[in-house]
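Presented below is the structure to which this report refers.
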Amino acid sequence: MSSESIALTAVREPSRPLGDALYSWVTTVDHKRLGILYILYAILFLVIGGIEASVMRLQLIVPHNHFVSPQTFNRMFTMHGTTMVFFVAMPVLFGFGNYLIPLMIGARDMAFPRLNAWSFWLTAFGGLLLYFSFVGGNGLYGAGSAPDVGWFAYAPLTAKTFSVGHSTDFWTLGLLVSGFGSIGAAVNFVATIVCLRCPGMSLGKMPLLVWLNLVMGAMVLLVISPLTAAQVMLSLDRFLGAHFFDTQAGGSAVLWMHFFWIFGHPEVYVLVIPAFAFVSEIIPVFSRKPIFGYPVMVAATVCIGFVSFGVWAHHMFTIGMNSYANSFFVITTMVVGVPTGIKIFNWLGTMWGGKLQFKTPMLFCIGFLFQFLVAGLTGIMLAAAPFDWQLGNSYFVVAHFHYVIVGGILFGLFAAFYYWFPKMSGHLYNEKLGTLHFWLFVIGFHLTFDFMHIPGILGMPRRIYTYEPGRGWDLWNFIVTIGVFFQAVAILIFVGNLLYSMFKGKLAGNDPWDGWTLEWSTSSPPPEYNFARIPVVRSRRPLWDLKHPEDPDWKYE
Amino acid sequence: MQVRDSSISYTRWAPQVLVCRCWPAAFLLAASLFSVHSCFAFAQASRVPDIFKPASTPAESIQRLSLFVLVITALIFVVVFSLLVYAIRKFRYRAPEDGLEPPQVYGSNQMELAWTVVPVLIVLVLFFATARVIHSIQQAVPPPGTIQVTAIGHQFWWEFRYPGLGVVTANELHVPASNSAQRTPTFVTLLSADTDHSFWVPQLAGKTDLIPNRVNSMWIEPHETGMYVGQCAQYCGTQHAKMLLRIYVESREQFNQWVAAQKQPAHSADAVAAGRRIFEKTACVNCHAISGTIADGRFGPDLTHLMGRETIAAGAATNTHENLKLWIHNPDSIKPGALMPAMNLSNQDLEAVTAYLESLR
Amino acid sequence: MSSTAIPPTSIESQWSLPYKGHVGMACLIAAESAIFTIFVVAYIFYIGKSLSGPTPREVLHLPIFATVCLLSSSLTIHAAVGALRKSNLSAFCLWWFLTLTLGAIFLFETGREWQRLIYHEGLTISTNLFGTTYYSLVGLHAFHVTVGLIGLFTVLLLTLLGKVQQEHSRNVDVFAMYWHFVDVVWIVVFTVVYIIGR
């Protein structure tokens, strides 16, 4: 039952013909392989979404530029947003969750392995359907076109009158299909975490990552459904002449906004909570201390989960709701900042008094902390509705949410990549290249997204393919675009590092970071069955107990 | 348990520390860049729609609230930032290696209470400050001297009607400056003819959306004369980017003169009769209105006093002879995707129509 | 993996977690409830807002018979699951068949009502806001009934082939959860459409 015996039983698979190997990957129901498939899929779309962003920034580098047409630009921001949320962020977070949850709870696989595979392939197919629009968007009438209605596809711009052809339908159907995949994945997460924990692992003894993925999974069930429902309604409008959002027949454009944002706001918490999970696992290990305030972290996350369903109309402060409705959403939005802030303090408390090691995962976690702090504070600014009446729908908002998603979530993801890459691949990555990636990306990120706040303050709205010179926006747009190059180079270094290290990196062994959760007791990569015998645990850090038998955690928790 | 990791070396800390020390400096640098730029921009204040240079009552109360929120968030930032920087520097792993793990602290209820209660108090303060401004702006009562305007959003231009004054124009709004002795704010009712738009002139007020099948309203109360720019702030289709706005704030006398001129029917001169005939016989009249003639289309802007505007195509081009000709001949060259079709007139007809339009002062 | 001070088996032997089938179905029901909630909200929002066309009061008749059938099918499926737990296969088969029949009657009645509405009253999904919200909400529910009927039929077939035994009672119970959910949704839809909305 010791960790060494598990290590000895792990074998590298003998090399097989390529066809067999591909077949085994395509038909796999193993949570680890599906996790890796999700992650690879997301990295591919990260690059594609990044190219879309680069096209936009090149168009905006100077005023009245002619790099792309307005039609192309409008497709770029629509596809960039849709891709990044649905085909990068959701898959990569489901991927990490799929990989890690069974390992961390001492299970052999997820609760429903075939549902797991079905969910992945559905998500993948949804993405392909969306991208098919580039060639198939206008049906038979000419060159195809991707959707250009914005990632939130406000009615009535999406009605047949204003969006002729099928580009909007690709948006609707691609997301509908991948939405079912997301619900399937979420069902799996919740069922696995509730039903497959190893003996001794009560809810209060699960790693925080598992807790946070439980909250995220439960949220997904309630979050994706409003979008699915709204998209069904939109499709009924477009195909069967229904009138849900048909303002000429008395329908309401605002109803779409409500339905979309009831999905859209909790969705961003669905995206950020797994990033919190990564950071909550990595910071303790590289501070050599347990997470500060575990019960409060759990409570804060559950609180965020609930309150996040009550803030959605802060995306609608400008649509003319009355002052009482506006005030209600001001207070709920500000209140959701409280548990979020508590989490930042707890991470700080974890680092405090520790022995910090600045390996690449920790560098990204620290970047996360600084940047998520700023993102949260600009969020508080936007929560003050009159301030939002100026800043809303401007580049200030674009800067804010990229600060959260790139500065927060993506940094958390990079930390997770570097931290668990040795476990997944069996090899160590190159630390120097990892550090280089970090610094280049920090420079690029701040060049782009710090300065992006300024045009917003100076009145530049979002989703414009060009802008007037002389409004004070020129210099800032230029700087913002320059930052993109740094980020692009950093991403190339990241991908190169992982690819190279997968084949040529030093062997990692079971536990390169001296970690404390169950995944570090298996070999790297783990065998298909994960654990030779299902472990029995007595505390939140089972490996700490093993490594410190004279001073185990369960005496103090 | 030994924590052995030979890849960590001291030289690795130098850039780390350097940047940590530099980050406050970096922020100061950015802040000073911004303020220098703002000072420079002051010379052309009306062209830079800076929300922190308000010239109207609602924008001013928003600015006051914004500064209050900024100060509080900046304080929070400074405190947490400093703690983070301190933690990174003080608690980094150092030699000599004693091989021991640091004290394993699981939490502290007092700290949790402290950093829950303080943020809740901050939230309450912010909320009350915010709610006050929301109410003062949204529940303002129009005083007797109010100018009423109805703004109708179209793809991709603005229709402005003054119901009380019988004036119809497009894209460039004229309003009187208001003073506290005799208040003359402008209340704007917001409608849409097609999709969602948003009315945003940052120096005069926050933005409010124009949504079909819904009536919204907003108000401005500018104090200083001048021209203030803005544009549509809700994605409305291909040419959302060039749905620009201008608001000319004038003295009371100038405004009255402007209204009087706008109420006149279109000028009619024999010299441009040929152009007028072409206008009235081609598809122009389907979309455009010119009062005093048979043209009464509502799809496009009212052209009765076209020459009173400094720009055409909702700000996409200045109102010059060449641009006017180009716009009629090939709108896509100025605003690709605009709903004005290319009129396919012969050169001679084009010149005639342009001359006619240029007579519409 | 644990410290040697406590023998592992006592924790292991007392360790029991919920059945994953129940939890998984509960999650699915949560997601489906959210979808139905949005359609119900749209229905309620648009009550009285149609600009023209038939109103609910004019054209809707209370579907009492269909409702009774559907709600009784919840009782019959409950009896079926109980019978299977006690290994009473023939009773299970009978109750199951009754459930399927009652569900099929409900669907048939819905079809009849729609035929009347479309051909005699001129109400379609594109007629007005009432038509849009009525057909989408009732149709979404009918779709879920159809899926349930397919499942019921499949299990019936497997039972007749002798493949369903007492050890499958938990699985069948998971399916019954879905069927009960469909019935509860009908109670909500009935109240909103036929009582509040008229």
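Points to keep in mind about this one:
- With a requirement of 3 or more residues that are surrounded by 22 or more Cβ atoms within 10 Å (Cβ to Cβ), the strands (runs of 3 or more DSSP E) lying completely within the range B:167-213 that satisfy it span B:172-176, B:186-192, B:197-199, B:208-210.
- Selection from the range C:18-29 of residues that are more than 7 Å from chain A (Cβ to nearest Cβ) and surrounded by 18 or more Cβ atoms within 10 Å (Cβ to Cβ): C:21, C:25, C:26, C:29
- Within the range A:69-81, the set of residues being among the β-branched types (Val, Ile, Thr) and crowded, with 17+ Cβ neighbours inside 10 Å comprises A:78 only.
- Checked against (1) surrounded by fewer than 22 Cβ atoms within 10 Å (Cβ to Cβ); (2) over 24 Å from the mean Cα position of the chain (by Cα), residue A:258 meets all criteria but (2).
- Residue check for residue B:360: closer than 20 Å to residue B:268 by Cα, assigned to a helix (DSSP H, G or I) and touching a helix residue (DSSP H, G or I) at 6+ places or on another chain (Cβ under 6 Å): no
- Residues that are within 7 Å of chain A (Cβ to nearest Cβ) and small (Gly, Ala, Ser) were ranked within the range B:100-145; the one that is farthest from the chain's Cα centre (by Cα) is B:107.
- In the range C:30-55, residue farthest from the chain's Cα centre (by Cα) [restricted to those that are touching a residue at least 12 places away in the same chain (Cβ under 8 Å) and more than 9 Å from every other protein chain (Cβ to nearest Cβ)]: C:53
- In the set (1) farther than 21 Å from residue A:202 by Cα; (2) more than 9 Å from every other protein chain (Cβ to nearest Cβ); (3) modelled with pLDDT under 95, residue A:527 fails one condition alone, (3).
- The set of residues in the range B:192-216 that are more than 7 Å from chain A (Cβ to nearest Cβ), free of Cβ contacts under 8 Å to residues at least 60 places away in the same chain, closer than 18 Å to residue B:246 by Cα and touching a Ser or Thr at 6+ places or on another chain (Cβ under 7 Å) comprises B:199, B:210.
- Screening residue A:242 on (1) in a helix (DSSP H, G or I); (2) crowded, with 24+ Cβ neighbours inside 10 Å shows it passes everything except condition (1).
- Here residue A:268 passes the criteria (1) part of a helix (DSSP H, G or I); (2) facing chain C (nearest Cβ under 9 Å) except the one numbered (2).
- Residues that are part of a helix (DSSP H, G or I) and loosely packed, with under 15 Cβ neighbours inside 10 Å were ranked within the range C:78-93; the one that is nearest to the chain's Cα centre (by Cα) is C:85.
- For residue A:497, the test of being at pLDDT 95 or above and in contact with a Pro (Cβ under 7 Å, 6 or more places away or on another chain) is failed.
- For the range C:154-170, the tally of residues that are more than 15 Å from residue C:89 (Cα to Cα) and either surrounded by 15 or more Cβ atoms within 10 Å (Cβ to Cβ) or within 13 Å of another protein chain (Cβ to nearest Cβ) (or both) stands at 0.
- Checking each residue of the range A:168-176 against the condition of being touching a residue at least 24 places away in the same chain (Cβ under 8 Å), within 14 Å of chain C (Cβ to nearest Cβ), of a type outside the set (Phe, Trp, Tyr) and surrounded by fewer than 24 Cβ atoms within 10 Å (Cβ to Cβ) gives at least one match.
- Scanning the range B:108-122 for residues that are surrounded by 18 or more Cβ atoms within 10 Å (Cβ to Cβ), closer than 20 Å to residue A:353 by Cα and not hydrophobic (A, V, I, L, M, F, W, C) turns up just one, B:112.
- Checking the range C:106-120 against the condition returns no match, with no residue being of a type in the set (Gly, Ala, Ser) and in contact (Cβ under 8 Å) with a residue 24 or more places away in the chain.
- Selection from the range A:213-236 of residues that are farther than 30 Å from residue A:100 by Cα, within 8 Å of chain C (Cβ to nearest Cβ) and touching a residue at least 60 places away in the same chain (Cβ under 8 Å): none
- The single residue among A:158, A:83 that is among the hydroxyl-bearing types (Ser, Thr, Tyr) and either more than 18 Å from the chain's Cα centre (by Cα) or more than 26 Å from residue A:266 (Cβ to Cβ) (or both) turns out to be A:158.
- Candidates A:482, A:464 - the one that is of a type in the set (Val, Ile, Thr), outside any loop (DSSP other than H, G, I, E, B) and closer than 30 Å to residue A:77 by Cβ: A:482
- Every condition in (1) modelled with pLDDT of 95 or more; (2) more than 30 Å from residue A:289 (Cα to Cα) is met by residue A:513 except one, and the failing one is (2).
- Of the residues making up the range A:307-324, those that are surrounded by 20 or more Cβ atoms within 10 Å (Cβ to Cβ) and over 17 Å from residue A:154 (Cα atoms) are A:308, A:311.
- Residues of the range B:97-133 satisfying the condition of being in contact with a Ser or Thr (Cβ under 9 Å, 6 or more places away or on another chain) and in a loop (DSSP other than H, G, I, E, B): B:102, B:105
- Of all residues in the range B:279-328 being surrounded by 16 or more Cβ atoms within 10 Å (Cβ to Cβ) and more than 21 Å from residue B:339 (Cβ to Cβ), the one that is modelled with the highest pLDDT: B:305
- Single residue of the range A:469-485 satisfying the filter (more than 7 Å from chain B (Cβ to nearest Cβ) and buried (at least 19 other Cβ atoms within 10 Å of the Cβ)) that is farthest from the chain's Cα centre (by Cα): A:473
- Number of the exception - residue A:317 against (1) within 7 Å of chain B (Cβ to nearest Cβ); (2) within 26 Å of residue A:255 (Cβ to Cβ); (3) not charged (D, E, K, R): (1)
- Residues (at the interface with chain A (Cβ under 7 Å from one of its Cβ atoms) and among the charged types (D, E, K, R)) located in the range B:46-81: B:47, B:50
- Answer from A:251, A:310, A:293 - the residue that is touching a helix residue (DSSP H, G or I) at 6+ places or on another chain (Cβ under 8 Å) and away from every other protein chain (no Cβ under 11 Å): A:310
- Residue in the range A:177-191 that is under 20 Å from the mean Cα position of the chain (by Cα), in a helix (DSSP H, G or I) and away from chain C (no Cβ under 13 Å) present: yes
- Among all positions in the range B:135-147, there is at least one residue which is assigned to a strand (DSSP E or B), touching a Gly at 6+ places or on another chain (Cβ under 9 Å) and among the β-branched types (Val, Ile, Thr).
The values are calculated or read from the model by the stated rules, or taken from the named source; none is laboratory data. Please read all numbers here as calculations on a predicted model, not as lab measurements. Positions of Cβ are generated from backbone atoms using ideal geometry, with glycine treated the same way; all protein chains shown enter the neighbour counts.
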